[in-house]
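Where a number appears in this text, it was derived from the coordinates with a stated rule and is not lab data. What you see is a predicted model; the values in this text were computed from it and never measured. Virtual Cβ from ideal backbone geometry, glycine too; neighbours counted across all protein chains shown.
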Amino acid sequence: MNQPQPKPVDPAEVRDLALQVVQQDRFPCLATVAGDQPRLRPVSPVRTDQFTVYIANLRSYQKTVEIDQNPRVELCYMSPDHDQVRITGTAEVVQDRQLLEEIWNDNPLLRQYLGSIDNPELILYCVRPARVRYMREWALEYFEVALA
């Protein structure tokens, strides 16, 4: 059986390739941990700045409890060509009112669903990357993406 051969990756292009994957995938999967059990679900980021990702959530959701107990998370993005980006980081609650207002004003669906920026159910997480990896489909190896 012939194995597919991935297109070579130029190490100088890894960061740009990874950013393209992040921009293409509107519903990455977020991994959290509940006790000793990993949990995975698709999310819809409300803002992305390079590899820093903002995710709106409801306080009543189970992932809120999981992130509160263990803020280490991972996001997995996939392109239509099956290239992957994995962002490993820490989820922090956004306290900056100005940033919250900017994100609120930029997201009509968020406004429609929650009604008010002061809705007590609204919680906004910022996933700050500690590590970013890129893999081209079939390559079976990750490239480290420079964060700075």
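Fraction of C-alpha pairs exceeding 21 angstrom in the chain: 48 percent, rounded to a whole number.
The GluC sites (Glu not before Pro) found in the stretch 81-148 that occupy coil by DSSP, while having at most 11 further C-beta atoms within 10 Å, are 141. The gain in end-to-end length when the residue 58 to residue 131 segment is fully stretched comes to 23.7 nm, 0.36 nm per residue minus the alpha carbon separation. Normalised by the number of residues in the chain, the mean separation of alpha-carbon contacts (under 8 Å, six or more apart) gives a relative contact order of 28 percent.
In loop segments of the stretch 57-148 as defined by DSSP, the chymotrypsin sites (Phe, Trp or Tyr not before Pro) with at most 13 further C-beta atoms inside 10 Å of their C-beta are 61, 138.
Taking each residue as 0.36 nm, the span from residue 10 to residue 121 lengthens on full extension beyond its C-alpha to C-alpha distance by 35.5 nm. Only one residue of 132, 69, 17 has its Cα farthest out toward the positive end of the dipole of the chain, where Lys and Arg carry +1 and Asp and Glu -1 on Cβ, and that residue is 69.
Considering only 80, 28, 45, the Gaussian network model of the chain with Cα springs below 10 Å gives its largest mean-square fluctuation to 80.
Distance between the 7 Å Cα→Cβ label points at residue 96 and residue 40: 3.2 nm.
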